[in-house]
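S.K.: Have a look at this one.
The values are calculated or read from the model by the stated rules, or taken from the named source; none is laboratory data. Since the structure is predicted, the reported quantities are computational estimates derived from the model, not experimental observations. Glycine gets a Cβ as well: all are built from the backbone with ideal geometry, and neighbour counts include every protein chain shown.
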């Protein structure tokens, strides 16, 4: 009998323990579901992200008596200032519709891009019409003044040379030496001016007669012939 009572009490204890465990699990599940679903019904109470809270902070109003600083920058117009998104002061009721101006069709572009009397149907930014005043041409550079060049350069331009005739009186007196002449050679290569710089009087006349017949190639500068000034030396040497 005692054993039966123990067995009966053991069965009751197991039954009560199972019921308590099931009830506890049910209550905990209900509490957990309540904690999970409650924020979904009250989203306003949820704390927002730190960057969103900072980004949507409305700027403080300007003090009285002082106008608000006008931000003409591109960033201020877009609502971004100092790297943060600012909340707009008001939401526009409508969006402005911008219509671009169309170019006139079939007209003349003479007035905007050329002259008032431009030809009709001309090319945009093309050649001006015949009535437009052309820009004056730059004045032609004046001819280069006379250049002074060395005797060695002139000898390289010589194309026709006449040997001087030795004077008879100089042969009899056995007179010899060099006659230096100051010459101006024109643009066509001919001698235009000839003066005696130094030399024996018996030899000067023969040197002048011979050099006046010499011819040179024109001296060119920038593709143009120029007049040159130089010295010419004529040597008179007796034969051995």
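S.K.: Scan (1) farther than 23 Å from residue 236 by Cβ; (2) modelled with pLDDT of 90 or more; (3) not in a strand (DSSP E or B) for the single condition residue 134 breaks and write down its number.
M.R.: (2)
S.K.: While we're looking at this one, here's another question. Looking only at segment 154-179, how many residues end up being closer than 25 Å to residue 220 by Cα and not in a helix (DSSP H, G or I)?
M.R.: 5
S.K.: Going by what's in this entry, would residue 146 be described as modelled with pLDDT under 95, surrounded by fewer than 16 Cβ atoms within 10 Å (Cβ to Cβ) and under 60 Å from the mean Cα position of the chain (by Cα)? If you could, list the steps in order and put the result at the bottom.
M.R.: On the way: modelled with pLDDT under 95: yes; surrounded by fewer than 16 Cβ atoms within 10 Å (Cβ to Cβ): yes; under 60 Å from the mean Cα position of the chain (by Cα): yes.
Criteria met by residue 146.
S.K.: Given the structure, is residue 151 at pLDDT below 95 and over 59 Å from the mean Cα position of the chain (by Cα)?
M.R.: no
S.K.: Do you know which residues across segment 191-240 are under 52 Å from the mean Cα position of the chain (by Cα) and crowded, with 16+ Cβ neighbours inside 10 Å?
M.R.: 216, 218, 219, 225, 226, 227, 228, 230
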